Amino acid sequence: MDKSELIVVDVDPPQHENSISGTIREAQEPRLSLPERISILRALAQETYKTHPLSFWVLLTLSSTSMLTAFPASSILSRVYYSNGGNSKWIISLVSVAGWPLTLLFLIPLYFFLQISPTPLTLKLSLWYILLGFLSAADNLMYAWAYAYLPASTASLLAASSLAFSSLFGYFIVKNKLNLSSINAIAIITASTVVIGLDSQSDRYPGISDSQYNLGFVWDILGSALHGLIFALSELVFIKILGRRSFHVVLEQQVVVSLFAFVFTTVGTVISGDFKRMSLEAKNFKGGEVSYVMVLVWSAITFQLGVLGGTAVLFLASTVFAGVLNAVRVPITSVAAVIFLHDPMSGFKILSLILTVWGFGSYIVGHTSVSKHS
């Protein structure tokens, strides 16, 4: 659900391409023994490590860890909210963007330490940010409806379809290339969604009706489609308007878009009357008011940390590496939901999980091939 994503180049410098590809070819020679293969791979890893300073790898490790832990934690906490007496979709939507000041705390020091100025907010750029903020607010609300009626493991698997929508919208809006591997990935992830639909009778919590489950299913798919559209539009803003990919620009977009999303969601929460009902909801929450507040606060913090981690990974590495982490994040969320929330894990869901990871892998391999060719 992180919205400020962009395409950056791979971290490997071009001058190492021939030596690395040659080393890989040597590692594939059948006459080499296992210790020799390990030695070659170790040398390859050391060569890659030397291409960047230690601070780069530390930041990349911290960002990757944040992305792989914070997003699953936020998804689990959203389901905990509903499982323990929470009912408001607007409150969960608000929590998703309420942590936007955390990103601002990372952005402000960059202006002083790097001696840079904020990007001027022109009328055109402001209108784009308002549009993205509105779409982000709508996207968060759709996902809130999905988590209200679906197990967290199921919701995360369905949300993986955003990759397919991102590829399609990127092709039509940003004119990104759509190769056979990408089309194959879209087909596989679509099949995994169909498999989840076949298991609708056993994959639900007690008290959830057929209509509610189907509603959560539809909202999750629609939210994934909207997320793909936001991805493409955000990329279009960077390409057509900003024309540069500095880290502070990425953070600026995240802050401003999240701020507008926060404004839109706050208005919706007030109009719906859910703000007034928060005190009553907290009193009836299983575990008491303190537990209610802690769930919401940590949901906001973990989601924003996930956004920061994802943004840093996109800037430091590449969209391919971010896609790898996103593929890993799906099974982490599913397994965590089974362990902590006792989500049902049927054969259909396991098959869907395998297909999802397969689809991500197909997309990553295809995208890597295109990047190396270009």
Can you work out which of the residues in segment 50-65 that are farther than 14 Å from PHE321 by Cβ and part of a helix (DSSP H, G or I) is farthest from the chain's Cα centre (by Cα)?
-> LEU54
Can you tell which of VAL324, VAL320, VAL249 is in a helix (DSSP H, G or I), farther than 21 Å from ALA144 by Cβ, over 15 Å from the mean Cα position of the chain (by Cα) and modelled with pLDDT under 90?
-> VAL249
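Which is more than 24 Å from ARG277 (Cβ to Cβ), touching a residue at least 24 places away in the same chain (Cβ under 8 Å) and buried (at least 22 other Cβ atoms within 10 Å of the Cβ), of SER63, SER74, SER78, SER93?
Among SER63, SER74, SER78, SER93, only SER63 is more than 24 Å from ARG277 (Cβ to Cβ), touching a residue at least 24 places away in the same chain (Cβ under 8 Å) and buried (at least 22 other Cβ atoms within 10 Å of the Cβ).
Within the group ILE332, ILE301, which residue is in the same structural domain as ILE92 (by TED's automatic domain parsing), touching a Pro at 6+ places or on another chain (Cβ under 7 Å), in contact (Cβ under 8 Å) with a residue 40 or more places away in the chain and part of a helix (DSSP H, G or I)?
ILE332
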Somewhere in segment 261-277, is a residue surrounded by 22 or more Cβ atoms within 10 Å (Cβ to Cβ) and either of a type in the set (A, V, I, L, M) or touching a strand residue (DSSP E or B) at 6+ places or on another chain (Cβ under 8 Å) (or both)?
-> yes
Qualifying residues in segment 187-227 (those that are acidic (Asp, Glu) and assigned to a helix (DSSP H, G or I)) - the one surrounded by the fewest Cβ atoms within 10 Å (Cβ to Cβ) = ASP210
Could you please find all residues in segment 270-298 being in contact (Cβ under 8 Å) with a residue 24 or more places away in the chain, hydrophobic (A, V, I, L, M, F, W, C) and in a helix (DSSP H, G or I)?
-> MET278, VAL295, LEU296, TRP298
Given the structure, is VAL267 in the same structural domain as PRO120 (by TED's automatic domain parsing), β-branched (Val, Ile, Thr) and within 18 Å of VAL313 (Cβ to Cβ)?
-> no
How many residues are under 14 Å from THR311 (Cα atoms) and either at pLDDT 85 or above or hydrophobic (A, V, I, L, M, F, W, C) (or both) when one looks only at segment 233-246?
-> 2
Read through the list (1) surrounded by 18 or more Cβ atoms within 10 Å (Cβ to Cβ); (2) aliphatic (A, V, I, L, M); (3) at pLDDT 85 or above; (4) touching a Ser or Thr at 6+ places or on another chain (Cβ under 9 Å), then give the number of the only condition that LEU163 fails.
-> (3)
Could you tell me whether ILE230 is outside any loop (DSSP other than H, G, I, E, B), in contact with an Asp or Glu (Cβ under 8 Å, 6 or more places away or on another chain) and either at pLDDT below 95 or within 29 Å of VAL328 (Cβ to Cβ) (or both)?
-> yes
If you go through segment 210-222 one residue at a time, do you hit one that is of a type in the set (A, V, I, L, M) and over 30 Å from GLY85 (Cα atoms)?
-> no
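The values are calculated or read from the model by the stated rules, or taken from the named source; none is laboratory data. Quantities reported herein were computed from a predicted structural model and do not represent experimental measurements. All Cβ positions, glycine included, derive from the backbone under ideal geometry; neighbour counts span all protein chains shown.
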